[in-house]
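**Q** I'd like to ask some things about the structure below.
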């Protein structure tokens, strides 16, 4: 089974030539590629006109492995709390990104919370929008997508650490890419204030503080659950440094600074 795109033509262009002209321009914003191996990158997943520059700059600067574990939020509410795609490649306009069955099998046996499931992914947009960027960076990229909706910090820690241990001992190097937008539908100034509280915990590599900061301050960071999990995994893999490489809000594009969504790009090495 191949997973078909569900937001092509809406979040990003469904015509390959137009799509990849835009993606290449966004990736070109990342002029200074990291010299360190990227263990984890966090990028946004909104329509490219709003978040594509942040996503492209971040992934353009990243030093990603050819094998990528994708962690994203579950906007639909369907499927398992930790839903591991295990059915096949993901189509994108003009091509496809290959599913890595060996990594998926290793992930699935690492912790009982991780379940093989496609329901959480079928109509979910948060990981799909990242794939054209990964494909342009490295056409032979292989992926394992995981959708995360568990709100238990203990479970996020347990699964994240299990994933990190698995990736640390896997037979080839793996990078993690987490999909998350930041604050939703508040003013630009308020979004920036709230988002930087959460991003401080991200760049200092403190997943528990990130989780609690978002919850206690009602920050509408939709990917806090996968990012918490990803940080625990990255720490298991030896992460020592987090860097905020880009931040903006939709107001910078739309001109509406009263109701914005925030977008951030982070690299962890």
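The values are calculated or read from the model by the stated rules, or taken from the named source; none is laboratory data. What you are looking at is a predicted structure, and each value in this text was computed from that prediction instead of being measured. Backbone-built Cβ (ideal geometry, glycine too); neighbour counts: all protein chains shown.
**Q** State which residue is farthest from residue 152 (Cα to Cα) when the search covers only the range 96-123 and only residues that are touching a residue at least 60 places away in the same chain (Cβ under 8 Å) and crowded, with 22+ Cβ neighbours inside 10 Å.
**A** For the range 96-123, the residue satisfying everything is 103.
**Q** Here's another thing I want to ask about it. Being in contact (Cβ under 8 Å) with a residue 12 or more places away in the chain, over 21 Å from residue 224 (Cα atoms) and buried (at least 24 other Cβ atoms within 10 Å of the Cβ) is true for just one of 132, 93. Which residue is that?
**A** Exactly one of 132, 93 is in contact (Cβ under 8 Å) with a residue 12 or more places away in the chain, over 21 Å from residue 224 (Cα atoms) and buried (at least 24 other Cβ atoms within 10 Å of the Cβ), namely 132.
**Q** Would it be correct to say that residue 174 is more than 19 Å from residue 73 (Cα to Cα), within 19 Å of the chain's Cα centre (by Cα) and buried (at least 19 other Cβ atoms within 10 Å of the Cβ)?
**A** yes
**Q** In the set 179, 149, which member is surrounded by fewer than 24 Cβ atoms within 10 Å (Cβ to Cβ) and closer than 28 Å to residue 78 by Cα?
**A** 149
**Q** Further, regarding this structure: Taking helices (runs of 4 or more DSSP H) that do not extend beyond the range 8-124, which have at least 3 residues that are at pLDDT below 95 and more than 19 Å from the chain's Cα centre (by Cα)?
**A** none
**Q** Scan the range 213-231 residue by residue and report those that are free of Cβ contacts under 8 Å to residues at least 40 places away in the same chain and in contact with a helix residue (DSSP H, G or I) (Cβ under 9 Å, 6 or more places away or on another chain).
**A** 213, 214, 215, 217, 218, 219, 220
**Q** Against the condition surrounded by 19 or more Cβ atoms within 10 Å (Cβ to Cβ), over 15 Å from the mean Cα position of the chain (by Cα), over 21 Å from residue 130 (Cα atoms) and without any contact (Cβ under 8 Å) to a residue 24 or more places away in the chain, how does residue 169 come out, does it pass?
**A** No, not satisfied.
**Q** Looking only at helices (runs of 4 or more DSSP H) that fall completely inside the range 154-254, which ones have 3 or more residues that are within 20 Å of residue 52 (Cβ to Cβ)?
**A** Of the helices (runs of 4 or more DSSP H) lying wholly inside the range 154-254, those with at least 3 residues that are within 20 Å of residue 52 (Cβ to Cβ) span 188-203, 251-254.
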